[in-house]
Structures are given as structure tokens and as C-alpha cells.
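Here is the structure we will look at.
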Amino acid sequence: WLDKSFGVYSVGEFLKTGENSVELSIPTMSIFAEIEPVYLLGDFTVVPEKVGWSIDAAKKELTLGSWKEQGQPFYSWDVKYSKTYSIDDTTRKHTLKLGKWNGTVCEVYVNNKKAGIIGFDPYTLDVSPWLEKGKNQIDVCVIGSLRNLLGPHYNNPSQGLAGPFNWRNINAPIPPEAYKMVDYGLFEDFELVY
């Protein structure tokens, strides 16, 4: 999954509607047996509760806006946004222009061929070489990061900086609104300009 040392176990058959718990045990506890967080993988949304989170059915697809506001606060991979354009003149320069977005980078595909990566201002990419006369599908894949998945989520973490001090003094469950998370996603639609 993230590291080949992480064990991945199928637990679907053990889950029931309502509250579930996970118990970790080892034959002999030692100082070298550091307990790490447990992650639940699957196709679902995450809903904030008064304390903690609950799991709900997956949405069919994400739309423009923050992933965390669409039930994916811990999601860290990529989301694809697609549009179809009809091109009459392939001799003109066509530039893909991103509006407001947040992620690590955006991968751009034209007709299922990788056209390039957008990561820096002015957030544009010349896609002319990949366009064909007629209909063209353009996919923009916004790629998140592991920040919202792995944390730190509290103790007022600085963006891009984490240390041991971010995981101290947590004596009770933290309410979801106290989590410090990054808004990833495509907030304004992309456009093709020429």
C-alpha cells in the first residue's frame, strides 16, 4: 500500500452496520513494537461527527471543490476531471489553463495520452501536439499528498513542516473541526484557450 512492510488485511466480512472496533495484539510487547495508526481502505465517504468520524456510502464522483468537503478529507491520491472539446483547427496553438486548484501537481492527458504536468504559475500547458480534428477528451488529474492522511492533524501544524512536537499532548479524541487539513481539489473548471 504505502510501504511493503505495511500489512494489508481484508476486513469486509467482519464489519457490521454501526460501531466497529479494531484490536491489535502481539504475543510479547516490547519497546521495539511501536504501534502505528491503522488505516481503513475502501470505497466510502468519511463524515465528521461530534467526536470522531463515521463512514458512509461512496459518492459516484467528485465535483469541483474541496475533496474534504465531499467526504474525502483523508484522500491523498488523484482525482480526474474530464471535458470534451471539439477542435476544428489543429494548426492553432491550444493551451490548457487551470483556474483555482490545490494539489502537488496536475497531470494532463489528451485523448488518453499524457500531455504533461502542471505544477507552477501560470498553470498552463500547450496541448496542441495531442489534439486531433473533431472531439478530444482532456483529463486533468489533480494529485494530492499524504498530508491529510498521515498528519499531523492538530497542535497547529505549519504547512510543509512536521516534527515530534505535533503528536504530543493529545489526551482525548479530537473533534473533526479541530483537525488541520489541506483543501485539495479543482475549485474552478479548466479551460482550453487559443
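Here, each number is a calculation from the coordinates, and none is a lab measurement. Computed from a predicted structure; not experimentally measured. When we count neighbours, we look across all protein chains shown, and the Cβ atoms used for this are built from the backbone with ideal geometry, even at glycine.
A value for Kirkwood radius over Cα pairs in Å was derived from the coordinates, and within the list (i) 19.7; (ii) 18.6; (iii) 18.2 it appears as (i). Placing R0 at 41 angstrom, the Cβ-Cβ distance between Thr95 and Phe14 gives a FRET efficiency of 0.20 after rounding to 0.05.
Normalised by 2.2 N^0.38 Å, where N counts its residues, the alpha-carbon radius of gyration of segment 36-145 equals 1.31. What would the Debye equation give as log₁₀ I(q)/I(0) for segment 12-67 at q = 0.19, 0.20, 0.24 Å⁻¹, counting only Cα atoms as equal point scatterers? Listed by q, the Debye log ratios stand at -0.92, -0.97, -1.17.
Projected over every direction and averaged, the convex hull enclosing the alpha-carbon atoms of segment 36-85 yields 4.7 nm². The distance between label points at Gln159 and Asp88 comes to 4.2 nm (points 7 Å beyond Cα on the Cα→Cβ vector).
Taking a straight Cα-Cα cut-off under 17 Å and skipping sequence neighbours fewer than 8 places away in the same chain, the aspartates and glutamates within cross-link reach of Lys135 are Asp88, Asp89, Glu191. Of all lysines in the structure, those lying under 22 Å Cα to Cα from Lys68, and not within fewer than 8 positions of it along the same chain, are Lys50, Lys59, Lys60, Lys80, Lys100, Lys180. Between Ser30 and Tyr194, the contour length at 0.36 nm per residue exceeds the Cα-Cα span by 52.6 nm. Think of each Lys and Arg Cβ as +1 and each Asp and Glu Cβ as -1; about the Cα centre, that makes the dipole of segment 38-99 roughly 240 debye.
Only Lys, Arg, Asp and Glu count, each charged at its Cβ (+1, +1, -1, -1), so figure out the dipole size of segment 39-194 about its Cα centre, rounded to 20 debye. Provide the component values of the computation, followed by the final result.
On the way: 17 positive and 18 negative charges, 42 e Å.
Magnitude of the dipole: close to 200 debye.
Taking θ as phi - 60° and the Karplus parameters 6.51, -1.76 and 1.60, the scalar couplings of segment 133-145 work out to 5, x, 6, 9, 9, 10, 10, 10, 9, 7, 10, x, 9 Hz in sequence order, x denoting glycine and proline.
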